[in-house]
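So the structure is just underneath, and the comments pick up after that.
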Amino acid sequence: MTEPIVNDLTIQAATVNGSGSQTANLVLTRAIFHMGIPVAPKNVFPSNIEGLPTWYQLRITPEGHMARSDKVDILVAFNVATWREDLKTVRPGGAVIHEEAFSTAEARTDVTYYAVPFAKLAKSKIQNDTLRKQLANMIYVGVVAGLLGIPWEAVEHGVRRQFLTKPKAVPVNLDAIKVGYDYWQDNFSKQDPYRLEPMQGAVEGKVLVEGNQAAALGALMGGVTVVAWYPITPSSSLCEYLVAYADRFRVDTATGEKLISVVQAEDELAAVGMAIGAGWAGARAMTSTSGPGISLMAEFSGLAYYAEVPVVIFDIQRIGPSTGLPTRTSQADLGFVYTLSHGDTKHVVLLPGTVEECYELARDAFDYADRFQTPVFVLSDLDLGMNLWMTPEFKYPDKPLDRGKVLSKDDLERLAGEWARYRDVDGDGVTYRTLPGTDHPAAGYFTRGSGHDEMARYTEGADAYARNMDRLSRKLETARHVLPAPLADEAGAPIALIAFGSTHAAVVEARETLAASGKPVDYLRIRALPLSDDVAEFVRRHDHVYVVEQNRDGQLFDLIRLALPAELVGRLRSIRHYNGQPIPAVAITEPLMQLEAVPA
Amino acid sequence: MSTALNRAGLARDAYKGAATTLCAGCGHNSITNHMVKALYELGVEPHLLAKMSGIGCSSKTPAYFVETAHGFNGVHGRMPSLTTGAHLANRQLIMLGVSGDGDTASIGLGQFLHMIRRNVDCTYIIEDNGTYGLTKGQFSATADLGSVQKKGAVNTFQPIDPCAVALALGCSFVARSFSGDGKQVVPLIKAAIAHRGTAILDIISPCVTFNDHDGSTKSYSWVKDHEESIADVSFIPFFEEVHVDYEPGTVRDVQLHDGSHIVLKKLGEDHDPTDRQAAIKVIEEGRAEGHLVTGLLYVDTKMDDFATTEHIPQRPLKDLSQDELRLSRDQFSQFMSEFA
C-alpha cells in the first residue's frame with residue numbers, strides 16, 4: 001500500500017436524480033465539515049424531475065480549495081446507466097465503491113474496487129417500504145464513512161444538521177447509514193490510500209451557505225418589500241428562500257400581516273413589471289431570473305433605465321443561448337445584461353464572487369438602485385447560487401438604508417413647490433423624485449418611457465433628448481466611482497489575472513499552483529460594471545494580463561479592451577471556459593502556461 | 001365650468017390635465033372629460049391617485065386629466081403589472097389604469113387576465129375603438145367579424161370581447177359603456193373606483209380618423225343605433241345619503257365596499273348584476289341580435305382583493321422603517337449560526 005493521502009481527495013457520487021441522493025450527499029458533506037475539514041461540494045444535475053443521471057462532487061482539501069476538481073479519487077457508482085463512463089473519470093490508484101451487480105469484467109485494473117450489494121442490503125435491511133428508495137442512498141454514506149474513517153459522531157451530526165427541521169427523520173436515516181457502515185467493517189479491508197482525519201483551525205468561524213440563500217438574506221437585510229418572480233432554474237431557490245425567510249421574519253405577529261409581498265407572476269415580463277411598478281411607488285423591489293427570463297426582461301429594463309425607476313434584478317446565470325443547458329453554469333450574460341434593452345442603455349451591474357458577496361451586494365443593490373434611480377443587476381450564476389460554499393459568517397450591516405434623493409411634502413414646501421423631476425441640480429446626473437401619495441400639489445409628475453424634458457413633459461425635441469441622454473451618462477459616471485471597487489492582490493509579478501464572479505475560486509487555486517511552480521501572478525477581481533479606472537491602472541502595472549471568464553466570447557475581455565487606452569490593449573489575453581461545468585483551476589493554469597510560452 | 005368645491009376642497013379645474021394631442025372628435029377625449037367629472041364629483045384627492053397606462057392613443061390620456069397626480073405611462077400591454085406593483089407598494093393609492101383594445105386584447109392579454117385572476121384593487125378602463133390608431137388603422141383583436149377597415153379590408157377573425165373574457169375569469173366588476181354616453185360612463189367610473197377589486201370598464205370609443213365609417217361596428221353612428229342599455233345607472237357616493245324615489249321593484253341597489261351605492265333602474269327586461277351566468281347570457285344575446293349591450297354587467301362585492309388575500313397591511317409597505325425591515329442583531333446571529 002502506498003503513502004496515505006489525508007484530507008486531500010475528491011469524492012464523486014454518480015446517482016439517479018429524484019432518488020434522494022442529494023440528501024445523502026449533503027449528510028456526507030456536513031459530516032466531513034463537522035470534522036473541521038474544508039469541503040467544496042458541486043452538484044451536477046439534469047433538467048429533469050426523476051430518473052436521469054446526476055453527479056455530486058465533494059472536494060476535500062486541507063487548503064480549502066473551492067473550485068471544481070477535474071480529478072476523481074473516490075467514485076461512488078450508483079447508476080448503471082453511466083457506470084462505464086463514470087469509471088473513466090477516476091484517477092489511477094483511486095477507489096471505486098459500486099453496486100455489486102455492476103460488471104467489472106474488462107474494467108480498469110488500476111483502481112481499487114469495493115463491490116457493495118446496495119440493492120440487496122436495501123431490500124433486506126431497510127424496513128421502511130415507502131422510504132426504501134431514498135434511504136438506499138444513505139447506505140453509501142455509511143460505506144464511505146467506513147472507507148474514509150469518518151467518526152460515527154460526525155455522521156450523527158451530519159444527519160441531525162441535515163434534518164434540522166425534521167428531527168423525526170434522524171433515526172431512520174442513521175439506521176440506513178449504519179447498514180453501510182457495518183457492511184464496510186464486516187466485509188472489507190482498506191486497500192486504498194485515502195483517509196480523513198479531524199483538523200483544527202481550518203474551518204473555524206465558517207458556515208456552509210448557498211449563494212441564493214445568501215442573496216435572499218441580503219435582500220431581506222436590504223429592506224426589500226415587494227418581490228415578483230417567475231420560476232426558472234437556477235434562480236428559483238433565491239425567491240423560495242426569500243419566501244421562507246419572510247414567513248419567519250416579516251410577519252407582524254400581532255396582526256398576521258405580512259411586511260413584504262412576494263408574488264409569483266405569470267411570466268418574467270409581469271415579474272419585472274411588478275417590481276418596477278413597486279419601485280416607482282417607493283418600495284424596495286426586486287425580481288430574480290435566469291436564462292430566457294432575462295431576455296424577456298429587456299424591454300422593461302429599458303423603461304426603468306430611461307424613466308429612472310429603482311429596481312433590483314438578480315440574474316442567476318445558466319448557460320445559453322436559448323434554453324441552453326438549464327442546469328449548467330455560465331457567465332455569458334455579462335455583455336447582454338450590461339446594455340439590456342434597445343437604444344443607448346447601460347446598467348449598473350454588480351458581480352459577487354463569493355457567497356459572502358452574494359449577501360453583501362444583494363443587500364447593497366437596493367441602496368444603489370435608490371441612490372441612482374436605476375435598475376441594478378446582480379449577476380450571480382448556478383455554481384455560486386445553487387452550491388453550498390464555505391464562508392465566514394456574514395456581517396451585520398453597519399450602515400443605515402440609503403433611500404436616495406426623495407422629496408417629501410416638507411421638502412416641497414420648503415422649495416415652494418419649485419422642483420423638476422429630471423433637473424440635475426447637484427451636477428451628478430442624479431435628480432430628485434417624489435413618490436405617489438406625497439400630499440403636495442407640486443409632487444405629481446408623469447413618468448414615461450417616451451421622450452421627456454426636465455419637467456417630465458412629453459417631448460420629441462432634439463436638444464431635450466440629447467440633454468437627457470447626456471445626463472444619464474453623467475449619472476452612470478457618478479455611480480461608477482461609488483460602486484464596489486475591484487479587489488487587487490498584487491506582489492509585483494509581471495503577469496496577472498483578471499476575473500469576476502464564481503471564477504474567483506478557480507483563480508485562487510490557480511495562483512497557488514502557479515506560485516508553487518515559480519510563476520507567481522497578481523490578481524484583480526472585478527466587482528461591478530461600469531468598470532473602475534483601477535482596471536486600466538492595474539493593466540499598466542503588468543506585462544501580460546489574462547482575463548479569465550466562463551463564456552465563449554470573452555465578454556469581460558472585450559469590455560476591458562474597450563475601456564483601456566490603446567497602448568495597453570496589447571497586454572490583454574483571454575482565457576475562456578464554457579462547457580457548463582464550473583471552471584477548474586487547471587483550465588486557467590494550462591492555457592496560461594501555454595500562452596506564456598508564446599513570444600509576445 | 002363649475003367653480004363649486006368638492007369634498008376634497010377642489011374645483012373641477014383641479015382635475016384637468018394637459019391639452020389633449022389626440023384627434024378632434026376622438027372618443028377618448030370624451031372619456032377624459034367623463035373621468036374629470038367622475039373624479040371631481042367623487043372628491044378624489046389628486047395626490048392619492050395613480051394614473052397608469054400602457055402604450056397607444058388610449059394610454060396617452062392619463063396626461064390629459066388630473067395633472068397634479070402621479071402617472072406612469074409604461075410599456076405596451078404591461079399596465080397591469082406596473083399597477084400591481086405600485087399597489088403593493090402603497091395600498092393607499094387609488095389605482096386607475098387606462099388601456100386600449102390593442103394594449104389589452106392583443107399584446108397585453110396575458111397581464112389583463114392575470115390581473116383579473118388576482119383581483120388587484122384597481123379600475124381598468126379599456127378605451128376600445130377596434131383599431132390601431134397610432135400606427136394608422138390596422139384592425140385590433142376587438143374588431144368585429146366582418147367589420148370593414150377604412151380602405152376596405154374586411155376583418156375575418158372573431159373578436160375578443162374583454163367583458164366576456166373578464167366574466168369567464170370571474171372578474172369582480174364588469175361593465176361596458178359608450179364614450180358618447182356620459183350619463184352612463186360617469187357613474188360607472190365612480191362605481192369602478194369605489195369597488196374594491198379589479199373593475200373592468202370597456203368603453204366603446206370611436207376612432208374618428210380610422211374607424212368611424214360605414215362598415216365599422218365601433219363608429220358613432222353604429223353604436224348610437226345599436227346600443228342597448230340594460231339599466232339606468234346612478235352612483236351615490238358614501239358621503240351622500242341614499243335617496244331613491246323610484247317605484248319599488250324597478251330598481252336594484254348594490255352597496256360597494258366603501259359604503260357607496262350603485263342604483264340601477266330597470267329598462268325592459270331585468271338584469272341581475274350579481275348573476276354571472278345572466279351577464280354572460282345578456283352579452284351573448286346582444287351579440288346574436290347585433291346589439292351592443294351596455295351598463296353594469298356584473299359585480300361581486302364579496303370577493304377579497306389581492307392585497308387582502310396576501311395579508312398586506314393598509315400601511316404602505318414603502319413606509320416601513322429600517323427596524324421593521326432588517327433582522328435584529330440577535331436574530332441575525334442566531335440565523336447565521338444555523339448555517340454552521
So residue A:438, is it in a strand (DSSP E or B) and touching a helix residue (DSSP H, G or I) at 6+ places or on another chain (Cβ under 6 Å): no
Residues satisfying the stated conditions in the range A:454-506, i.e. part of a loop (DSSP other than H, G, I, E, B) and in contact (Cβ under 8 Å) with a residue 60 or more places away in the chain: A:482, A:483, A:484, A:501, A:502
Per-region count, the range B:1-30, residues in contact (Cβ under 8 Å) with a residue 24 or more places away in the chain and either touching a Pro at 6+ places or on another chain (Cβ under 6 Å) or part of a helix (DSSP H, G or I) (or both): 7
Selected residue (criterion: farthest from residue A:235 (Cα to Cα)) from residues of the range A:339-359 that are open to solvent by 20 Å² or more (accessible area, probe 1.4 Å) and touching a Ser or Thr at 6+ places or on another chain (Cβ under 9 Å): A:344
Filtered residue count, the range A:386-401, keeping only those that are of a type in the set (Asp, Glu) and either assigned by TED's automatic domain parsing to the domain that holds residue A:40 or farther than 23 Å from residue A:311 by Cα (or both): 1
Residue tally, condition of a type outside the set (Val, Ile, Thr) and surrounded by 23 or more Cβ atoms within 10 Å (Cβ to Cβ), over the range A:17-29: 4
Check on residue A:91, assigned to a helix (DSSP H, G or I) and without any contact (Cβ under 8 Å) to a residue 24 or more places away in the chain: no
Some residue of the range B:91-102 being assigned to a helix (DSSP H, G or I), within 13 Å of another protein chain (Cβ to nearest Cβ) and at negative phi: no
Sole residue being closer than 29 Å to residue B:311 by Cβ and either more than 21 Å from the chain's Cα centre (by Cα) or within 14 Å of chain B (Cβ to nearest Cβ) (or both), chosen from A:194, A:230, A:140, A:181: A:230
Only listed residue being more than 28 Å from residue A:440 (Cβ to Cβ) and open to solvent by 10 Å² or more (accessible area, probe 1.4 Å), chosen from B:108, B:77, B:133, B:100: B:133
Which listed residue is open to solvent by 10 Å² or more (accessible area, probe 1.4 Å), outside the structural domain of residue A:275 (by TED's automatic domain parsing) and assigned to a loop (DSSP other than H, G, I, E, B), from A:200, A:185: A:200
Qualifying position, being buried (at least 17 other Cβ atoms within 10 Å of the Cβ) and in contact with a His (Cβ under 7 Å, 6 or more places away or on another chain), among B:236, B:283, B:312: B:236
All positions within the range B:53-85 that are of a type in the set (A, V, I, L, M) and either within 8 Å of chain A (Cβ to nearest Cβ) or assigned to a loop (DSSP other than H, G, I, E, B) (or both): B:55, B:63, B:66, B:69, B:75, B:82
Inter-residue pairs, beta-carbon under 9 Å, first within 7 Å of chain B (Cβ to nearest Cβ) and farther than 16 Å from residue B:76 by Cα and in the range A:273-301, second small (Gly, Ala, Ser) and open to solvent by 10 Å² or more (accessible area, probe 1.4 Å), 6+ apart: A:281/A:437; A:282/A:437
Candidate set from the range B:320-331 (those that are within 8 Å of another protein chain (Cβ to nearest Cβ) and outside any loop (DSSP other than H, G, I, E, B)); member that is surrounded by the fewest Cβ atoms within 10 Å (Cβ to Cβ): B:329
Single condition residue A:173 does not satisfy, out of (1) open to solvent by 20 Å² or more (accessible area, probe 1.4 Å); (2) out of contact with any strand residue (DSSP E or B) (no Cβ under 6 Å at 6 or more places or on another chain): (1)
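The values are calculated or read from the model by the stated rules, or taken from the named source; none is laboratory data. None of the values given here were measured: they were computed from a predicted structure. Cβ: placed from backbone, ideal geometry, glycine included. Neighbour counts: every protein chain shown. Note: accessible area is taken over every heavy atom of the protein model, side chains too, but ligands, DNA and RNA are not part of it. Shrake-Rupley method; radii C 1.70, N 1.55, O 1.52, S 1.80 Å.
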